1. Given the conditions (1) outside any loop (DSSP other than H, G, I, E, B); (2) at pLDDT below 90, which single one is not true for LYS251?
2. Considering the range 103-139 alone, what residues qualify as being part of a strand (DSSP E or B) and buried (at least 18 other Cβ atoms within 10 Å of the Cβ)?
3. All but one of (1) closer than 15 Å to GLN236 by Cα; (2) at pLDDT below 90; (3) touching a strand residue (DSSP E or B) at 6+ places or on another chain (Cβ under 8 Å) hold for SER193; which doesn't?
4. Test GLY76 against the stated conditions and say whether it is of a type in the set (Gly, Ala, Ser) and touching a helix residue (DSSP H, G or I) at 6+ places or on another chain (Cβ under 8 Å).
5. Can you confirm whether GLY143 is part of a strand (DSSP E or B), in contact with a helix residue (DSSP H, G or I) (Cβ under 6 Å, 6 or more places away or on another chain) and surrounded by 14 or more Cβ atoms within 10 Å (Cβ to Cβ)?
6. Just to be sure, is TYR172 closer than 27 Å to TRP35 by Cα and surrounded by 15 or more Cβ atoms within 10 Å (Cβ to Cβ)?
7. Out of the range 85-102, which residues are more than 13 Å from TYR56 (Cβ to Cβ) and not in a strand (DSSP E or B)?
Amino acid sequence: MKQTIYLLLLLLGSSIVVHGQCYPDRHNTTWYDQWISCEASLSPNAERGLSHWIMYDFGKKIEMKAMHVWNSNIPGYLDYGMKSVAIDYSDDGEAWHELGTYQFDQASGKNIYQGFDLESFASFKTRYLLLTGLSNYGGACYGLSEVRFDLDSTAYGINENINEGCLAATIYPNPFQKQTTLSIAVECNKKTSWMVTDSYGKVIIPQHDIPTPTRQNLMIDASSWSAGIYYLTLRQEANIRQYKLVKLGGK
């Protein structure tokens, strides 16, 4: 069985796609739904050096066949969109292989923007995929909205028959300034853990195991974090859920 899986910026998680009418693949223009890099950082691939990059960790080797891309879609900042992009892949995050260099079309800035299919490439298996912006459309920063991969759901460990009552979680408030709360309920005796990373994949809060079954509220102190986008990842055995956290500036 195959499903379309969304991997949202350093996606560790996944979700089922729900198509709308008329423009099934449209993307919004909200700034906090985009990845933005205004300062180059050291790439996981030493050959890329200081660069603007996104690395996807699929958790294990999966077969890669196709890719659909939504470039930066913020009105007034369409020049942030990545233009020339190098794509590398790796099994271990250390030894990298170059897939090629691709040209990304500029977004429209409209809420009916549907992105584009990346030119076809031979299928291959990998755990890590690295996108490096070699150039953009002239902006001071580099941006990207979203990437979608077409994956084999059986190989990726997605089970449509998961008992949703076994794991329930909410995060509030979100957005937040100083702190937020993870309210979690685990009704089964399955190994469950959580962690927080930033938009570059840097670990902000390392993985913590949650004794199960349980019902509890976990306060997350974010007072020392910079304003921006973070990701809280819940893992329950082979199942992964990811929640986007929005840390606001100010007091």
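The values are calculated or read from the model by the stated rules, or taken from the named source; none is laboratory data. From a predicted model like this one, the values you see are computed outputs, not experimental measurements. Ideal geometry is used to build each Cβ from the backbone, glycine not excepted, and the neighbour counts take in all protein chains shown.
1. Of everything listed in (1) outside any loop (DSSP other than H, G, I, E, B); (2) at pLDDT below 90, LYS251 misses just condition (1).
2. So in the range 103-139, the residues part of a strand (DSSP E or B) come out as 103, 113, 116-117, 124-136.
Across the range 103-139, the qualifying residues are TYR113, THR126, TYR128, LEU129, LEU130, LEU131, THR132, GLY133, ASN136.
3. Single failed check for SER193: (2).
4. No; evaluated as a whole, the condition is false for this residue.
5. Working: part of a strand (DSSP E or B): yes; in contact with a helix residue (DSSP H, G or I) (Cβ under 6 Å, 6 or more places away or on another chain): yes; surrounded by 14 or more Cβ atoms within 10 Å (Cβ to Cβ): yes.
Yes; evaluated as a whole, the condition is true for this residue.
6. No: the conditions fail for TYR172.
7. Across the range 85-102, the qualifying residues are ASP91, ASP92, GLU94, ALA95.
Rundown of residues vs (1) in the same structural domain as ASP57 (by TED's automatic domain parsing); (2) touching a residue at least 60 places away in the same chain (Cβ under 8 Å); (3) not in a loop (DSSP other than H, G, I, E, B); (4) not charged (D, E, K, R), yes/no style:
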| residue | (1), (2), (3), (4) |
| --- | --- |
| ASN174 | no, yes, no, yes |
| LEU182 | no, no, yes, yes |
| MET195 | no, no, yes, yes |
| ILE205 | no, no, yes, yes |
| ASP209 | no, no, yes, no |
| LEU218 | no, no, yes, yes |
